[in-house]
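Visitor: Just dropping this structure here.
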Amino acid sequence: MTTLPNGHYIDDAPYDPDENLSALDRKDMDAPAWQLVWRRFRRHKLGLIAGLFLLVSYLLLPVAGFIAPYTANERSAEYLYHPPQAIHLFHEGALIGPFVYPTTGQADLVNFRWQYETDTDRPMRLQMFCEGGAYKLLGFIPSDTHLFCAPEGATVFLLGSDRLGRDVFSRILYGAQLSLTVGLIGITVSFVLGIFFGSIAGYFGGKTDWIINRAIEILRSLPELPLWLALSAAVPSNWGPVAVFFIISIILGILDWPGLARAVRSKFLSLREEEYVRAAEMMGAKPGRVIRRHLLPNFMSHLIASATLSIPAMILGETALSFLGLGLRAPAVSWGVMLNDAQNLASIEIYPWTAIPMLPIIIVVLAFNFLGDGLRDSLDPYKS
Amino acid sequence: MMFLKYAAYRLVTMLLTLGVVSILIFAIINLPPGDYLSNQIAELRATGQAEGVAKAEFLRTEYALDRPLWMQYLIWVGAAPGPQGFSGLLQGDFGWSFEFDQPVAEIVGDALWLTVLVNLAAVIFVYVVALPLGVLAAAKSETWVDYSAAFVGYLGLATPNFLLALMLFYYGHKYMGLPIGGLMAPEFEGEPMSPAKVQSILVHLIVPTFVIGTSGAAAMMQRLRANMLDELSKPYVETARAKGMSPTRLLAKYPLRMAFNPFVADIGNLLPAMVSGSVLVSVVLGLQTIGPALLTALKSQDQFLAGFVLMFVALLTLIGTMISDLLLVLLDPRIRYGAREG
């Protein structure tokens, strides 16, 4: 910015006459829509990286048991609150492959905590493709082969161990299985309800619309968390972990649909006046067909983008519920359940590694946000 | 006059909504099988304490828990005569907490005001932080200012509230000497208001306000930035710029006002989220708001206490939404009264 003598401001930035040429001027704009979307999405670097990261994470879920050196609830009674261990490659300048130093624990009776001493003279190589605790590969193939495990007489706690001597790293991998799918199930429930109610409200209008709209307003004006709390408190305590898991994800979804329904409804209100809808109706298409074949495909992509943006809220919701002890319960492992251990200041101060599960939560939530933003920006390929 | 009419209309809809909400809340609380007293009776029977059973049975009839559910609801609200005649929420009788063996009003008492206080502080925090940052991010869009604001915003959205609370408490205490836990120093509890007590409350409010407000501020900042950017690309802004208007004036004169609208409207979304956040944060930080009371009540099926707290939280949100709707009408003459739905 420069100020002229008469007090006016002018921009010094170089002027590029081609800057505002819209994408429409490109000659290949008649390519199929998905290609255009992909072309735009590719330019959204952050979204692309986030998408790849999430893809890899979800693909790894079924084989989490193979990667984890321990199983989810395997306890090492002599190694409670063990600090994180590093994997080394060189011992006194010589390469001996990935190894750990063994540690021995001692009770510190003054401060009432465990002290671990590292024996740096005896490097112990990690075992690869070794036999360890039994788990189910892909959820149904029984197996006991692990990618790597601790050598005899030593431990490999990459991110430390918790109050019961369970490996935090392995538990994060197992926890991902529940924490990452809870959002998917929740969003499916919310999607089905939201599209169903939103489309009948928008398409039929009148009384139906009025009733659904009031319901949406009421649900939206209620604070979510107290309702989640109340609903989860109603889950019988004798149900198994799997049933609790499903019911919690459904609860998360049930309270999420109003926002989606509103978006769908307002879109339908404007779209139902279009000529092609009238044409379809005149040719005798039933409302269900008009909604599914003619109206929904118009903005499915937008719905997917907004769904991506609301998955993080569900993941955080599950974490909060489990953290308060009203969500998933042990022996189920989720990131929220793990954080339940880090509930007080003492553990954050003395055993900071018990709070490590917050890192994957933050990363995954960020990734979903970036992916959703990227999708939203790229779904309208004709906008410059 | 039109405005008063609209305000009255909004008030009536709010009250009706509150009525529906009370049904919902009552239904949710009664979802788990059994109630506090029948659980207690079963337990007493199992341990063979007959005299306790008699007391619990007495309480059961006293609070009409032996009647059908719809009757219980009407008695709870105060629309039907209970064992002591009309005595429910409408009459200002909030019921009895079985867990604490005290009237609900006495347990929540101060906590209600502290809840309002914490949430109010958080709302103010959100506005104070989000307004300048959002405008700045839009004005300097695609520069490092924008990116760093976006980064902080994303981080605020992604960090679970309760963890942020724990971390801030720990580091705030370690490096800045901020107090740990509670909403006031213990010696002021139950004391009448005094300058020293007010100061103590304010110092204790810093961390909770920050924690509850962060995610709301981040969301609002992003929305304000998007609104501003939309507004800044309009022809009138271009004209003003071409004529050489000063950058600050250019921003403040019209775009800011236009972008402000959704900002006020957003409080309807903001408030439920904040109230949710404050419940969770209160549990973690041990604030004497109604959050911890709600959690214990829900866990032990102490139904009158849980019901009252949920009703109060819903009322808080509904009032906030109503105020934002009224403000919006005052701010923007383009909004038509009554039928605003497209």
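Visitor: Starting from a Cα-only point model with no solvent, please compute log10 I(q)/I(0) by Debye for the protein assembly as shown at q = 0.07 1/Å.
Guide: Per q value, in the given order, log10 I(q)/I(0) is -0.61.
Visitor: Same structure, new question: Per-residue ellipticity at 222 nm for chain B, helices alone: DSSP H runs ≥ 4 residues times -39500 (n - 2.57), over residue total, nearest 500 deg cm²/dmol? Don't skip to the end; give the middle numbers.
Guide: Working: 14 runs with 251 residues, N = 342.
It comes out at -25000 deg cm²/dmol, rounded to the nearest 500.
Visitor: Follow-up. Please give the helix B:255-265 orientation as an angle from the longest Cα principal axis of chain B, in degrees from 0 to 90, rounded to the nearest 10.
Guide: Taking Cα atoms only, the helix is inclined about 10 degrees.
Visitor: Positive end of the dipole of chain B, charges at C-beta (+1 Lys, Arg; -1 Asp, Glu), about the Cα centre: which of B:MET2, B:ILE28, B:LEU163 has its Cα farthest in that direction?
Guide: Looking along the dipole axis, the top candidate is B:MET2.
Visitor: So which lysines pass the test for A:LYS45, namely a Cα distance under 26 Å, with those fewer than 8 places away in the same chain ruled out?
Guide: The reachable lysines, counting only those whose Cα sits under 26 Å from A:LYS45, are A:LYS27, A:LYS383, B:LYS140.
Visitor: Now, a different point. Explain nothing, just compute: Karplus ³J(HN,Hα) = 6.51 cos²θ - 1.76 cosθ + 1.60, θ = phi - 60°, for every residue of segment A:220-232 in order, whole Hz, x for Gly and Pro.
Guide: Each residue's phi maps through the Karplus curve to give 6, 7, 8, x, 5, 4, x, 5, 4, 4, 4, 5, 6 Hz.
Visitor: When the helix-only estimate is applied to chain A (DSSP H runs of n ≥ 4, each -39,500 (n - 2.57), divided by the residue count), what is the mean residue ellipticity at 222 nm, nearest 500 deg cm²/dmol? Intermediate results must be reported in sequence, preceding the final value.
Guide: Values: 13 runs with 191 residues, N = 384.
Rounded to the nearest 500, the figure is -16000 deg cm²/dmol.
Visitor: So, one more: Please check chain B for the longest run free of trypsin sites (Lys or Arg not before Pro) that are loop-located per DSSP (anything but H, G, I, E, B) and have at most 15 other Cβ atoms within 10 Å.
Guide: Between the exposed loop sites, the longest stretch runs B:1-139.
Visitor: Related question: Among B:LEU280, A:VAL100, B:LEU250, whose Cα sits farthest toward the positive end of the charge dipole of the protein assembly as shown (+1 at Cβ of Lys/Arg, -1 at Cβ of Asp/Glu, about the Cα centre)?
Guide: Toward the positive end, the furthest listed residue is B:LEU250.
Visitor: While we're looking at this one, here's another question. From largest to smallest, what semi-axes in whole angstrom does segment A:85-156 give when each is the square root of 5 times an eigenvalue of its alpha carbon gyration tensor? All intermediate terms of the calculation are to be shown ahead of the outcome.
Guide: Details: eigenvalues 154, 84, 12 Å².
Largest first, segment A:85-156 gives 28, 20, 8 Å.
Visitor: Could you give the size of the charge dipole of the protein assembly as shown about its Cα centre, using +1 on the Cβ of each K and R and -1 on the Cβ of each D and E, expressed in debye and rounded to the nearest 20?
Guide: Details: 51 positive and 58 negative charges, 485 e Å.
Charge dipole, the protein assembly as shown, about its Cα centre: 2320 debye, nearest 20.
Visitor: Relative to 2.2 N^0.38 Å, what does the C-alpha radius of gyration of chain A come to as a ratio? Two decimals please.
Guide: On the way: Rg = 27.2 Å, N = 384, 2.2 N^0.38 = 21.1 Å.
Against the empirical 2.2 N^0.38 Å value, I get 1.29 for chain A.
Visitor: Where the centre of each part is set by its Cα atoms, how far does segment A:325-346 sit from segment B:38-69, in angstrom?
Guide: 34
Visitor: To continue, here is another question. In peptide B:157-170, what is the residue-averaged number of other protein chain Cβ atoms found within 10 Å of each Cβ?
Guide: Numbers: counts 7, 13, 6, 14, 5, 10, 12, 1, 0, 9, 5, 0, 2, 5.
For peptide B:157-170, the averaged partner shielding equals 6.
Visitor: Another question about this same structure. Translational diffusion coefficient, Stokes-Einstein: compute it for chain B using the Kirkwood radius over C-alpha pairs as Rh, at 4 °C and 1.567 mPa s, and state it as an integer in µm² s⁻¹.
Guide: Numbers: Rh = 23.2 Å.
Translational diffusion coefficient: 56 µm²/s.
Visitor: Then there's this: Answer with one residue from A:THR118, A:TYR9, A:ALA332: the one whose Cα lies farthest towards the positive end of the charge dipole of chain A, charges on Cβ with Lys, Arg +1 and Asp, Glu -1.
Guide: Towards the positive end, the residue furthest out is A:ALA332.
Visitor: Rounded to the nearest 20 debye, what is the charge dipole size of chain A about its Cα centre when +1 sits on each Lys and Arg Cβ and -1 on each Asp and Glu Cβ?
Guide: On the way: 30 positive and 34 negative charges, 330 e Å.
Charge dipole, chain A, about its Cα centre: 1580 debye, nearest 20.
Visitor: Is segment A:316-381 best put as rounded, prolate or oblate by its Cα gyration tensor, with a ≥ b ≥ c the root eigenvalues, rounded for a/c under 1.5, and otherwise prolate when a/b is larger than b/c, oblate when not? Walk me through the numbers before you get to the answer.
Guide: Working: a/c = 3.82, a/b = 2.12, b/c = 1.80.
Verdict is prolate for segment A:316-381.
Visitor: Taking the alpha-carbon centroid of each part, what is the distance from segment B:110-157 to segment B:5-31 in angstrom?
Guide: Between the Cα centres of segment B:110-157 and segment B:5-31 lies a distance of 30 Å.
Visitor: Roughly how tilted is helix A:33-43, in degrees to the nearest 10 and between 0 and 90, from the longest Cα axis of chain A?
Guide: Around 50 degrees separate the two axes.
Visitor: How would you classify segment A:188-229 from its alpha-carbon gyration tensor, with a ≥ b ≥ c the square roots of the eigenvalues: rounded for a/c under 1.5, else prolate if a/b is greater than b/c, otherwise oblate? Please report the intermediate quantities before stating the final value.
Guide: Numbers: a/c = 4.50, a/b = 1.60, b/c = 2.82.
The shape class here is oblate.
Visitor: How far is helix B:290-299 tilted off the main Cα axis of chain B, in degrees rounded to 10, range 0 to 90?
Guide: Once rounded, the angle reads 50 degrees.
Visitor: Using just the Cα positions, wrap segment A:171-379 in a convex hull and report its mean projected area in square nanometres, one decimal place.
Guide: Details: hull surface 54.4 nm².
The Cα convex hull of segment A:171-379, projected and averaged over all directions, gives 13.6 nm².
Visitor: Please give the Cα centre distance for segment B:244-264 versus segment A:54-73, rounded to the nearest Å.
Guide: Going from one Cα centre to the other spans 51 Å.
Visitor: Moving to a separate point now. Please get the size of the charge dipole for segment A:171-379, origin at its Cα centre, with Cβ charges of +1 on Lys and Arg and -1 on Asp and Glu, quoted in debye to the nearest 20. Before the final figure, lay out the partial values.
Guide: Details: 15 positive and 13 negative charges, 141 e Å.
In debye, rounded to 20, segment A:171-379 gives about 680.
Visitor: Starting from the 7 Å offset along Cα-to-Cβ, what nm value, one decimal, do you get for the label separation of B:THR296 and A:ARG293?
Guide: Label at B:THR296, label at A:ARG293, 6.2 nm between them.
Visitor: Build a GNM of chain B with springs between Cα atoms under 10 Å: which of B:GLY291, B:GLY48, B:GLY307 gets the top mean-square fluctuation?
Guide: Among B:GLY291, B:GLY48, B:GLY307, the largest mean-square fluctuation in the Gaussian network model of chain B belongs to B:GLY48.
Each value in this text was obtained by applying a stated rule to the coordinates, not by laboratory testing. Small disclaimer: the values here were computed from a predicted structure and weren't measured. Neighbour counts run over all protein chains shown; Cβ positions are idealised from the backbone, glycine included.
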